[in-house]
Amino acid sequence: MKTEHILVIRFSAIGDVAMTVPVIYSLAKQYPNVRITMLSRPFARPFYENLAPNVSFMEADVKQEYHGIKGLNALYRRLTAKHFTAIADLHNVLRSNFLRLRFNLDNFKVAHIDKHRKGKHMLCSFNNKKLIQQPTAFQNYADVFAELGYPIQMNFTSIFPPEGGNLRLLPEHIIGKKQAFSQWIGIAPFAAHEGKIYPPRLMEQVIATLINHHPSARIFLFGGGKKETQQFEEWTQKYKNCINASGALSGIMQELILMSHLDVMISMDSANMHLASLTNTPVVSVWGATHPYAGFLGWKQSPDNAVQIDLPCRPCSIYGNKPCLRGDFSCMKNISPDLIVNRVEHILIQK
């Protein structure tokens, strides 16, 4: 008999790809005799390399090597040489649709994600808004495998063992020596779009208050863009407790190792929320233009730790990429720093 071999397709941004990990892990554990190949962009390799013995990773640079129709046809020829028995399209965009069409024409067993666009449209509607929880991204991914004949019971906790990732792989001058009384707090204050960014002046108040409450705490800052680096330099010079983690560490895997040892992460609705979630770290997430009801809350994160305020216009966007209807981003600017600090303190007390 032909060995069952599933091709899983998900390109996109890092947060969307990270959300496949709990589903792929659960699939691999429940079906240990089924081979699973994850096709994604090169950055995603660390998520899958040691996830399970029957999971492998295949990278495809669809913006360079496999760009355009000619590139996708070349990618398709490469894929068919792997003798897949089922195709799971977890992306459902032009590139994956083209590959899916080719597989369909050649009589492969194919299924694709339902993004529930109608429900999300009503969630963001200006005149007839319906605040109804949409199926999570994790459930949408799992539904694809169920359609292919592989129903899943989710059983993922962390990409690391219970004790977390190996801190010896990180620079000692960055992490120091963690003492029992010292809190490790991560902060990822930026996102791709303004509607998902808590104002830096308010986030600085959060930092100052946390340091006042916990003088021995270490605050690790995550984010790698030019804007982030400039802001982090200002904060690290002003507050000795702050460390630019992303600037000191090498790549996603080292950041994941550090995240696995945090007591709590503060993040926007962004990739870092999902990265921390993959390490079983509690996240206080801050929501402005977007909303957890869209289905993108981090894996196993408590809705109680999603900090947000009610406004008639919220949410106005699924991805936070639309202009502010009011023009003032009140959904973020009116969130009190104390709301964030209080959720952090609640988690630290439970620790």
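The values are calculated or read from the model by the stated rules, or taken from the named source; none is laboratory data. Predicted model only: the values in this text are computed from it and were never measured. FYI the Cβ positions are ideal-geometry reconstructions off the backbone, even for glycines, and counts take in every protein chain you see. These accessible areas exclude ligands, DNA and RNA; they are computed on the full protein's heavy atoms, side chains included. Shrake-Rupley method; radii C 1.70, N 1.55, O 1.52, S 1.80 Å.
Quick one: dipole size for the chain, taken about the Cα centre, charges +1 on Lys/Arg Cβ and -1 on Asp/Glu Cβ, in debye to the nearest 20.
Numbers: 38 positive and 26 negative charges, 156 e Å.
I would put it at about 740 debye.
Could you give the distance between the Cα centres of the range 82-134 and the range 157-236, to the whole Å?
35
Translational diffusion coefficient of the range 146-251 at 10 °C, 1.306 mPa s, Stokes-Einstein with Kirkwood Rh over Cα pairs, in µm²/s as a whole number. Provide the component values of the computation, followed by the final result.
On the way: Rh = 16.1 Å.
Calculated translational D: 98 µm²/s.
Give the peptides 265-271, 195-201 in descending order of average Cβ contacts within 10 Å, highest first. If you can, show how the numbers build up before the last one.
On the way: 265-271: 27.6, 195-201: 19.4.
My ranking of the peptides, most packed first, is 265-271, 195-201.
Show log10 I(q)/I(0) for the range 217-345 at q = 0.16, 0.17 Å⁻¹, two decimals, from a solvent-free Debye sum over equal Cα scatterers.
Log10 I(q)/I(0), no solvent term: -0.88, -0.99.
log₁₀ I(q)/I(0) of the range 1-92 at q = 0.11, 0.16 Å⁻¹, via Debye over equal Cα point scatterers, no solvent, to two decimals?
-0.30, -0.63
Taking Cα pairs under 8 Å and at least six residues apart, what relative contact order does the chain come out at, in percent?
Relative contact order here is 17 percent.
Provide the three semi-axes, in whole Å and in decreasing order, of the ellipsoid equivalent to the range 49-151 as defined by the square roots of 5 times the Cα gyration tensor eigenvalues.
Values: eigenvalues 172, 65, 38 Å².
Values for the range 49-151, descending: 29, 18, 14 Å.
What order do Arg168, Arg117 take when sorted by accessible area (1.4 Å probe), most exposed first?
On the way: Arg168 205, Arg117 145 Å².
In descending accessible area the options line up as Arg168, Arg117.
What is the sum of charges, Lys and Arg at +1 and Asp and Glu at -1, for the other residues whose Cβ falls under 10 Å from the Cβ of Val17?
That sum, taken over residues with Cβ under 10 Å, equals +1.
Check which residues have an amide H placed less than 5 Å from Ala188's amide H, if you skip close sequence neighbours.
The list, which skips near neighbours in sequence, is Phe222, Ile266, Ser267, Met268.
State whether the chain is rounded, prolate or oblate according to the following rule on the C-alpha gyration tensor (a ≥ b ≥ c being the square roots of its eigenvalues): a/c under 1.5 gives rounded; otherwise a/b larger than b/c gives prolate, and the remaining case gives oblate.
prolate
Give the angle, between 0 and 90 degrees and rounded to the nearest 10, that separates the Cα long axis of helix 94-105 from the longest principal axis of the Cα atoms of the chain.
Taking Cα atoms only, the helix is inclined about 20 degrees.
Subtract the Cα-Cα distance of Asn127 and Arg77 from 0.36 nm times their separation in residues, and report this length gain in nm to one decimal. Mind showing how you got there, number by number?
Details: separation 50, 0.36 × 50 = 18.00 nm, distance 4.76 nm.
This chain segment gains 13.2 nm when fully extended.
What is the gain in length, in nm to one decimal, between Leu94 and Lys333 on full extension, counting 0.36 nm per residue of separation less the C-alpha to C-alpha distance?
Values: separation 239, 0.36 × 239 = 86.04 nm, distance 3.62 nm.
The Leu94-Lys333 span can extend by a further 82.4 nm.
Please give the calculated 222 nm ellipticity per residue for the chain, where each DSSP H segment of at least 4 residues contributes -39500 (n - 2.57) and the sum is spread over every residue; nearest 500 deg cm²/dmol? Write out the running numbers ahead of the final one.
On the way: 15 runs with 132 residues, N = 351.
Rounded to the nearest 500, the figure is -10500 deg cm²/dmol.
For Ser216 and His173 in the same chain, what is the full-extension length gain: residue separation times 0.36 nm, less their Cα-Cα distance, in nm?
13.9 nm
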